[in-house]
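K.L.:
The following block contains the structure, expressed as structure tokens.
The values are calculated or read from the model by the stated rules, or taken from the named source; none is laboratory data. Note that the coordinates shown come from a computational prediction; the quantities given were computed from them, not determined experimentally. Here the Cβ positions follow ideal geometry from the backbone for every residue, glycine too, while neighbour counts run over all protein chains shown. Quick note on the areas: whole protein, heavy atoms, side chains included, nothing else; ligands and nucleic acids left out. Shrake-Rupley method; radii C 1.70, N 1.55, O 1.52, S 1.80 Å.
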Amino acid sequence: MQKRSLTIAGHRTSLALEPEFWAGLEAMAAARDLPLAAVIRDIDEGRDEPNLSSAVRVAVLRWYQAGGS
């Protein structure tokens, strides 16, 4: 697990994910030409899961299932 601190929606938070999910998030951000924090903010705003880490993992999985672009 890798833990990173970031600011989303004006507040500081930390997120612990496996390195593979961080790599997936970085690929998503690059494909969307957005900063990593913006991608996480979008996931946070649209999530159904109560846990942000879980929502991020699901978003990365769905992104790859959709073709990763």
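K.L.:
Hey, can you tell me all the residues within region 24-66 that are closer than 22 Å to Gly10 by Cα, surrounded by 12 or more Cβ atoms within 10 Å (Cβ to Cβ) and small (Gly, Ala, Ser)?
P.N.:
Scanning region 24-66 gives Ala29, Ala37, Ala38, Ser53, Ser54, Ala55, Ala59.
K.L.:
A further question follows. How do the pairs read when you match residues in region 1-18 that are open to solvent by 70 Å² or more (accessible area, probe 1.4 Å) with residues anywhere that are polar (S, T, N, Q), using Cβ under 6 Å and keeping only pairs 6 or more apart or on different chains?
P.N.:
If the second residue must be polar (S, T, N, Q), the pairs left are Lys3/Ser14; Ser5/Ser14.
K.L.:
Which pairs do you get when a residue that is over 11 Å from Leu6 (Cβ atoms), found in region 22-43, comes within reach of a residue that is open to solvent by 10 Å² or more (accessible area, probe 1.4 Å) and not in a helix (DSSP H, G or I), reach meaning Cβ atoms under 6 angstrom, with the pair 6+ apart or on two chains?
P.N.:
Trp22/Gln2; Ala31/Ser69
K.L.:
Kindly provide the set of residues from region 44-67 that are in contact with a helix residue (DSSP H, G or I) (Cβ under 8 Å, 6 or more places away or on another chain) and closer than 14 Å to Arg4 by Cα, ordered by number.
P.N.:
Selection gives Leu52, Val56.
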